[in-house]
1. Please go through the stretch 121-149 and give me each residue that is more than 17 Å from residue 68 (Cα to Cα) and modelled with pLDDT under 95, ordered by number.
2. Criterion first (of a type in the set (Ser, Thr, Tyr) and surrounded by 14 or more Cβ atoms within 10 Å (Cβ to Cβ)) does residue 92 satisfy it?
3. Looking at the stretch 98-130, which of its residues are touching a residue at least 12 places away in the same chain (Cβ under 8 Å), of a type in the set (Phe, Trp, Tyr) and under 26 Å from residue 60 (Cβ atoms)?
4. Residues in the stretch 13-52 that are of a type in the set (A, V, I, L, M, F, W, C) and either assigned to a loop (DSSP other than H, G, I, E, B) or under 13 Å from residue 151 (Cβ atoms) (or both): how many?
5. Which numbered condition in (1) touching a Ser or Thr at 6+ places or on another chain (Cβ under 7 Å); (2) over 28 Å from residue 29 (Cα atoms) is the only one that residue 109 fails?
6. Residue 168: in contact with a Pro (Cβ under 8 Å, 6 or more places away or on another chain), outside any loop (DSSP other than H, G, I, E, B) and of a type in the set (Lys, Arg), yes or no?
7. Residue by residue through the stretch 28-70, note down the ones that are surrounded by 16 or more Cβ atoms within 10 Å (Cβ to Cβ), under 26 Å from residue 88 (Cβ atoms) and among the hydrophobic types (A, V, I, L, M, F, W, C).
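The values are calculated or read from the model by the stated rules, or taken from the named source; none is laboratory data. Every value quoted in this text rests on a predicted model; they were computed, and no experiment measured them. Because the Cβ atoms are built from the backbone with ideal geometry, glycine has one as well, and the counts that use them run over all protein chains shown.
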Amino acid sequence: MNLGNLIAVYASLCKELGVPLRYPASLKAYQILANGTDATLLAKAMEWAALNEACYGELFNITNGDVFRWSQVFSQVATAFGIDCVEPQTFSLTEAMQDKGLVWEAMVQKYGLVPNSLKDLANWPFGDFIFNVENDAFFDVNKARRFGFQEMNLDTGEEIVKLIGRLKQQKIIPT
């Protein structure tokens, strides 16, 4: 599941509809400590583990190496889109996005985007699940570091903003 794509598409729709970016869950969930994993970093870790004999049969947690709060990340995303970020409000993304397919199709035409359907770009039930976690949710990556994988030093918010830039460049979302 690609949460970065979901966030980018959600923010794109907010911008198009002229509404602020709002975290779709409780204030408690908005303030938890969490971590994420960049797909490129995960691929590097998988290659590293596959090519290192000492790793055979071992299990590793791989994350970006930081912890974040959704309040920080959503603020960064809103800034990247030039929209306001407002206080969270509990609602279902799955339900809220049910009628946005035609809006997305119009955006594809208006901005000359790659013709992806909204359901192909974002798994809203996955977002509902992740965003509604109300307990700190982060993983210890020290075992991978002890075994020699030292690349877990990314800032998740910055990585999501970089992803947004790539999605704009690839015409997946509007600029």
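1. Scanning the stretch 121-149 gives no hits.
2. Criteria met by residue 92.
3. 126
4. Residues in the stretch 13-52 being of a type in the set (A, V, I, L, M, F, W, C) and either assigned to a loop (DSSP other than H, G, I, E, B) or under 13 Å from residue 151 (Cβ atoms) (or both): 11 in total.
5. Answer for residue 109: the failing condition is (1).
6. yes
7. Matches in the stretch 28-70: 29, 32, 34, 67, 68, 70.
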